[in-house]
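Each value in this text was obtained by applying a stated rule to the coordinates, not by laboratory testing. All figures in this text were calculated on a predicted structure; none of them were measured in a lab. A quick note on method: Cβ atoms are made from the backbone with ideal geometry, for glycine too, and the neighbour counts reach across all protein chains shown.
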């Protein structure tokens, strides 16, 4: 697998349905589907109620250079 | 549940034999999958993949433990020890061609082989979700849920093989089909499942559900790597 074809996904999760989502980490993956699997497996230290991933590139806004 | 739920002690002797044989086979598959995933959890292409493999290894061994628990609690049957299935030492010494007992040294081959083994085991558990033997049906449902991520991991990883030379991809597809055929036959043939249906442990619909599940996995794989 070429790492060049991977992109960064931000991982969001919440512990209860009434909680807001919080960013819990980042994974690099070649597709949204596998990013989600990585997120479930890599950030399972807590029993999350919901988890989702989104490409970092989908966020608009000035970000620190280290995160771009 | 498609049939009236029963506990293991209410099953006929023949049904008990058939179910315990299936549980032994499933527990062995889970141990072997745990070995394959664990063997690769420091050799995958990324740290994310490695952690996922470690988690999947843990889940497979956990499933083997649960199935073994049913065998000892409900059938007073000896649990297949992981050391009788395979050990690290014996595994590396094996030279046979069966993926069930040998270390797989190529990443793409490991992915398609484990996909075949995992798909065969999960499809069988999918059928068992509606078993009249309630304790197994409940556990099968939970395992199938966890296995969704394993199958997606393998299929999405296979998507990255689409750029491989055609001959290599054809060889991988042939390996997947071969391993799947052997795994399905080794776990429980269609006749074995039909026998469970005849014994009232499964509905005929559940037997068909396994075939549909396997077709679905193969379709997803074909779509992934084109």
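Compute the Kirkwood hydrodynamic radius of chain B, taking the inverse of the mean of 1/r over all pairs of distinct Cα atoms, and give it in Å to one decimal.
Mean inverse Cα-Cα distance, inverted, gives 17.9 Å.
Using 1/(1 + (r/R0)^6) with R0 = 22 angstrom and r between the beta carbons of residue B:145 and residue A:54, what's the FRET efficiency to the nearest 0.05?
According to the calculation, E is roughly 0.40.
What angle do you read, to the nearest 10 degrees and between 0 and 90, between the alpha-carbon axis of helix A:32-42 and the longest principal axis of chain A?
Tilt of helix A:32-42: around 60 degrees.
Ignoring everything except DSSP H segments at least 4 long, calculate the 222 nm mean residue ellipticity for chain A; use -39,500 (n - 2.57) per segment, divide by total residues, nearest 500.
Values: 1 runs with 11 residues, N = 68.
It lands at -5000 deg cm²/dmol.
From the helices alone, meaning DSSP H stretches of at least four residues, give me the mean residue ellipticity at 222 nm for chain B, per-run term -39500 (n - 2.57), in deg cm²/dmol to the nearest 500.
-25500 deg cm²/dmol
Can you tell me the orientation of helix B:107-128 relative to chain B, as the angle in degrees between its alpha-carbon axis and the longest Cα principal axis, to the nearest 10?
20
Taking the beta-carbon count within 10 Å as an exposure proxy, list B:113, B:218 from fewest neighbours to most.
Least to most surrounded, the residues fall as B:218, B:113.
Expressed as an acute angle from 0 to 90° and rounded to the nearest 10, what is the orientation of the C-alpha long axis of helix B:13-40 relative to the principal long axis of chain B?
Value to nearest ten degrees: 20.
Given the stretch A:3-60, report the % of alpha carbon pairs whose separation exceeds 13 Å. The partial results should precede the final answer.
Working: 917 of 1653 pairs.
I get 55 percent for the Cα pairs in the stretch A:3-60 exceeding 13 Å.
Restricting everything to alpha-carbon atoms, can you work out Rg to Rh for the protein assembly as shown with a Kirkwood hydrodynamic radius? Intermediate results must be reported in sequence, preceding the final value.
On the way: Rg = 20.3 Å, Rh = 20.3 Å.
Radius of gyration over Kirkwood radius for the protein assembly as shown works out to 1.00.
Going by how many other Cβ atoms sit within 10 Å of their own, how do A:52, B:41 line up, fewest first?
Fewest-to-most ranking of A:52, B:41: A:52, B:41.
Arrange the following residues from fewest to most other Cβ atoms within 10 Å of their Cβ: B:30, B:205, B:166. Walk me through the intermediate numbers first.
Values: B:30 27, B:205 12, B:166 7.
Final ranking by Cβ density, sparse to dense: B:166, B:205, B:30.
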